[in-house]
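Encoded as structure tokens, the structure appears first; notes follow it.
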Amino acid sequence: MSNLYAVHGGSSFYALVKAETEDEVFTIFAKSQINDETLLEEIDSFIVNGSLLEKFYHDEHEHFFDDFTGEYPERIKKMNEEDRERYVEYHIEKNVREFWDTPEYAEMYLQELKKSWNGENNNPAFSDDFYVETIKLIIEEGNWYEDFVIKKVDIVENECQIIYRD
């Protein structure tokens, strides 16, 4: 028998999901977001300062892109072009591999990213499973939905249940 869960994502988002567990709710919810154009653009766009790629565009010291100047930090600009490209690519790959628990998804993202860099493809070919996992990771980071909460709804034993209160 399925349970009913409320999914709250801030003042402009609320959903109900039937599932057995919170993990299943999260997966069902993420699947329902696969066609969200804004979320897809976040994942599919390989823009340094406006997509998922931005999360990977840094080393242990700082982000590689200065929002004000659009340039590399001074310590990176001092490198010759070949060393700089190798250094930045190394850190992006490292960060991508740390982001996904599933190595195949990291490799899938890197493959599509490299195609984009080479001008081969502007429309990444990710699987639905990749999107679901990536959407879940983006949401878990807390930057996509304001106050994201999954709460089991139990009105069998209670006449009223507060799902969310700010």
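Working from Cα pairs under 8 Å separated by at least six residues, relative contact order for the chain is 32 percent.
The count of lysine pairs in the chain with alpha-carbon distances below 13 Å, taking only pairs 8 or more places apart or on different chains, stands at 4. The charge dipole of the chain, taken about its Cα centre with unit charges on the Cβ atoms of Lys, Arg (+1), Asp and Glu (-1) only, comes to about 80 debye.
Annotation: the residues Y131, Y109, Y145, sorted from fewest to most other C-beta atoms within 10 Å of their own C-beta, follow the order Y145, Y131, Y109. The modelled label-to-label distance between T21 and S51, using points 7 Å beyond Cα along the C-beta direction, is 3.4 nm. Annotation for the stretch 147-166 versus the stretch 46-71: alpha-carbon center distance of 39 Å. Going through (1) 15.0, 45; (2) 17.7, 54; (3) 19.5, 68, the figure that equals Rg and Dmax of the Cα atoms in Å as computed for the structure here is (3).
Dividing the summed -39500 (n - 2.57) terms of all DSSP H runs of n ≥ 4 by the residue count of the chain sets its mean residue ellipticity at 222 nm at -13500 deg cm²/dmol. Across the stretch 51-62, computed HN-Hα scalar couplings (Karplus, 6.51 cos²θ - 1.76 cosθ + 1.60, θ = phi - 60°) run 7, 4, 3, 3, 4, 9, 8, 7, 10, 6, 9, 6 Hz from first to last residue, x flagging Gly and Pro.
Give me the base-10 log of I(q)/I(0) for the stretch 47-123 at each q in 0.26 Å⁻¹, Debye formula, one uniform scatterer per Cα, rounded to two decimals. Ignoring solvent entirely, the Cα scatterers give -1.37.
Taking other C-beta atoms within 10 angstrom as a stand-in for reagent exposure, F68, F130 fall in the order F68, F130, fewest first. Length gained on full extension, E141 to E159, computed as 0.36 nm times the residue gap minus the Cα-Cα distance: 3.1 nm. Projecting label points 7 angstrom from Cα along Cα→Cβ for I28 and L110 puts them 3.6 nm apart. Are there trypsin sites (Lys or Arg not before Pro) in the stretch 37-97 that DSSP marks as loop and that have at most 10 other Cβ atoms within 10 Å, and which are they? Passing both the DSSP loop test and the Cβ count: K78.
Between D66 and N123, the FRET efficiency estimated from the beta carbon spacing at R0 = 25 angstrom works out to 0.30.
Each reported figure results from applying straightforward, stated rules to the coordinates on display, with no laboratory input. In this text, all values refer to a predicted model and were calculated from it rather than measured experimentally. Using ideal geometry, Cβ is built from the backbone for each residue, glycine included, and neighbour counts are taken over all protein chains shown.
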